[in-house]
1. For A177 and T204 in one chain, what is 0.36 nm times their gap in residues minus the Cα-Cα distance, to one decimal in nm?
2. Please compute the length gained on full extension between S218 and E162, using 0.36 nm multiplied by the number of residues separating them and subtracting their Cα-Cα distance.
3. Hey, what did the range 62-197 get for relative contact order, percent, Cα under 8 Å, at least 6 apart?
4. Translational diffusion coefficient of the range 71-177 at 37 °C, 0.692 mPa s, Stokes-Einstein with Kirkwood Rh over Cα pairs, in µm²/s as a whole number.
5. Among S125, S85, S143, which one moves the most in a GNM of the chain with springs linking Cα atoms closer than 10 Å?
6. Would you please name the trypsin sites (Lys or Arg not before Pro) within the range 95-166 that are DSSP coil residues with at most 12 other C-beta atoms within 10 Å of their C-beta?
7. If you average the sequence gap of Cα pairs under 8 Å that are 6 or more apart and divide by the length of the chain, what percent do you get for the contact order?
Amino acid sequence: MLMLLSACASAPPTRTDAPTLRVMSFNVRLPVESDGPNRWEARRALAAKTIRDADPDVIGTQELHKPQGDYLVSQLPDYAWFGTSRRGDHSDEHMGVFYRRDRLRVLEAGDFWLSDTPEVPGSISWGNLYPRMVTWALFQRISDDRRFYLFNTHLPYREEDEGARVRGARLLLSRIAALPSDVPVVVTGDFNTPPGSPTHAAATSALRDAWTVAARRSGPEGTFHGFTGQPDQRIDWVLVRGFEVLSATTLDTNEAGRYPSDHFPLLVELR
């Protein structure tokens, strides 16, 4: 049985009757036995509980493997998920997108790769060690038929990858620029670089950083903590176009020092 969350854990903002959209970005950490006490099997119930308590309408995940996605929806039956892995199949990390089936419907969805050949699954360019990709969807809210686009990504992690991160961000922005300007856009992702970096400058040339512009912020500013609970840099972002950002909350939920991931999820409430 799950223990009560620690008193210091940040609580998600309370849902109101206002027509808002709750979006989560969550690097769930891939399942590897070398994580020992922090391996997926030891934290998966807490990961599901963290999502359940936060009650997001839609989630962009990173490092997700198919068994993890299938487990989460087995524990969260109101949700469905979709996406392919960065290899173009289900053998590797997915940019899996979860959504509440009773609140949202998927009108269109797809994937593209952050490379010189974006339509080629598994393609690698710009010195990347692994394929990097985006999973996206056009959603319609069931309650009022309002539509929005979501894009979800995970950029490379090495210090020398900043140029590749900038090129990935620019390719993503070029796709967004081609969309109808009257349809709001939200981007979730692990960008593996902090604010102040060239990648952040490129991304925020056309999008707003939800943490920066939120009317209310709570929780730690940093998002990566390596299972320590002591966050380092803010490398997980939610970026928006056409939304008002009501709140941004970094969820440091834990059970006696065990965390659902080595990243804190970021929850934003939009209107």
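1. 8.4 nm
2. Here the segment from S218 to E162 would lengthen by 17.3 nm.
3. For the range 62-197, the relative contact order is 19 percent.
4. 221
5. Largest GNM mean-square fluctuation: S143.
6. Those that pass, being in a loop and sparsely packed, are R158.
7. With pairs under 8 Å counted, the relative contact order is 22 percent.
We did not get these values from a lab; they are worked out from the coordinates using the rules stated. All values derive from a computational prediction rather than experimental measurement. With ideal geometry, Cβ positions are generated from the backbone for all residues, glycine too; neighbour counts draw on all protein chains shown.
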